[in-house]
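Engineer: Got a structure for you, written out below as structure tokens; questions coming shortly.
The values are calculated or read from the model by the stated rules, or taken from the named source; none is laboratory data. Being a predicted model, the structure only gives us computed values, none of them experimental. Counting neighbours? That spans all protein chains shown, and the Cβs are built from the backbone with ideal geometry, glycine included.
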Amino acid sequence: MATGATVKLSNSAGYALVHHNNHVWRGQNPVYPERIENGKSEKFKHDADKDGAAEAVVVYRMADTFDWLVSWYVAPTAENHVYTEIGAPGSFDKDWDSIKANLEKASSDGKFTYVAQTVEYTAVVNIEKGTSPGLTASIESSGSAAGSSAN
């Protein structure tokens, strides 16, 4: 049975990210980091419910530039899903049904990249297989990503 996910969020976007919003569909309510400084990572644990499932979404904001969404589903059967998106501030405010639908369509062991050209940032997420997976999510400016790929 699933026990939950250990979530690691990494910020290389150039500025601090501030916790903006969250929603839990299944599992205990985690304590989310309030702020993720540029160049830093923060971790938290999302414990599963009595049925062994953990499903939630968290949204971080960078000033008035963008919102970064990270959502996950840890299933009792270990068919895990993860989803990320970047949008204008307010893009993900309480549209929990659409977010959940996108999460449930996502891969169970995937790595996803979303580039928002208008704000020039890239987010990547990955969740391990298993009933107590690690989840890593990172965001960086496209400028630094393009610079590193040119070498």
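Engineer: If we keep just the residues of the range 48-76 that are under 24 Å from S141 (Cβ atoms) and of a type in the set (S, T, Y), which is surrounded by the fewest Cβ atoms within 10 Å (Cβ to Cβ)?
Structural biologist: That would be T65.
Engineer: Could you grab the pairs with beta carbons closer than 6 Å, sequence gap of 6+ or different chains, first residue in the range 34-45 and in contact (Cβ under 8 Å) with a residue 12 or more places away in the chain, second one basic (K, R)?
Structural biologist: Going by the 6 Å Cβ cut-off, the qualifying pairs are S41/K8; K43/K8.
Engineer: Those residues that are assigned to a loop (DSSP other than H, G, I, E, B) and either aliphatic (A, V, I, L, M) or under 11 Å from W72 (Cβ atoms) (or both), I need them from the range 17-29; list them, please.
Structural biologist: The one that is assigned to a loop (DSSP other than H, G, I, E, B) and either aliphatic (A, V, I, L, M) or under 11 Å from W72 (Cβ atoms) (or both): G27.
Engineer: From the list S138, S98, S108, which residue is in a loop (DSSP other than H, G, I, E, B) and modelled with pLDDT of 50 or more?
Structural biologist: So the residue among S138, S98, S108 that is in a loop (DSSP other than H, G, I, E, B) and modelled with pLDDT of 50 or more is S108.
Engineer: Further question on the same structure: Scan the range 23-72 for residues that are over 18 Å from K94 (Cβ atoms), in contact with a Leu (Cβ under 6 Å, 6 or more places away or on another chain) and small (G, A, S) and report the count.
Structural biologist: Going through the range 23-72 one residue at a time, the tally reaches 0.
Engineer: Oh, and also: May I ask you to list the residues in the range 30-67 that are out of contact with any Gly (no Cβ under 7 Å at 6 or more places or on another chain), at pLDDT below 95 and in a loop (DSSP other than H, G, I, E, B)? First the steps, then the outcome.
Structural biologist: Of all residues in the range 30-67, those out of contact with any Gly (no Cβ under 7 Å at 6 or more places or on another chain) come to 30-37, 39-44, 50-52, 57-65.
Of the ones still in play, those that are also at pLDDT below 95 are 50-52, 62-65.
Within the range 30-67, K50, D51, G52, A63, D64, T65 meet the criteria.
Engineer: If you check K50 against the conditions, is it among the charged types (D, E, K, R) and without any contact (Cβ under 8 Å) to a residue 12 or more places away in the chain? Before you say what the answer is, go through the steps one by one.
Structural biologist: Details: among the charged types (D, E, K, R): yes; without any contact (Cβ under 8 Å) to a residue 12 or more places away in the chain: yes.
Considered against the rule, which asks whether it is among the charged types (D, E, K, R) and without any contact (Cβ under 8 Å) to a residue 12 or more places away in the chain, K50 comes out as yes.
Engineer: Out of (1) modelled with pLDDT of 90 or more; (2) assigned to a loop (DSSP other than H, G, I, E, B), what's the single condition that is false for Y83?
Structural biologist: (2)
Engineer: If G14 passes every condition in (1) more than 19 Å from A106 (Cβ to Cβ); (2) in contact (Cβ under 8 Å) with a residue 40 or more places away in the chain; (3) assigned to a strand (DSSP E or B); (4) not acidic (D, E) but one, which one does it miss?
Structural biologist: Among (1) more than 19 Å from A106 (Cβ to Cβ); (2) in contact (Cβ under 8 Å) with a residue 40 or more places away in the chain; (3) assigned to a strand (DSSP E or B); (4) not acidic (D, E), G14 violates only (3).
Engineer: If I ask for residues that are crowded, with 16+ Cβ neighbours inside 10 Å and closer than 19 Å to W25 by Cβ, which ones from the range 77-95 would you list?
Structural biologist: Scanning the range 77-95 gives A78, N80, H81, V82, Y83, T84, E85, F92.
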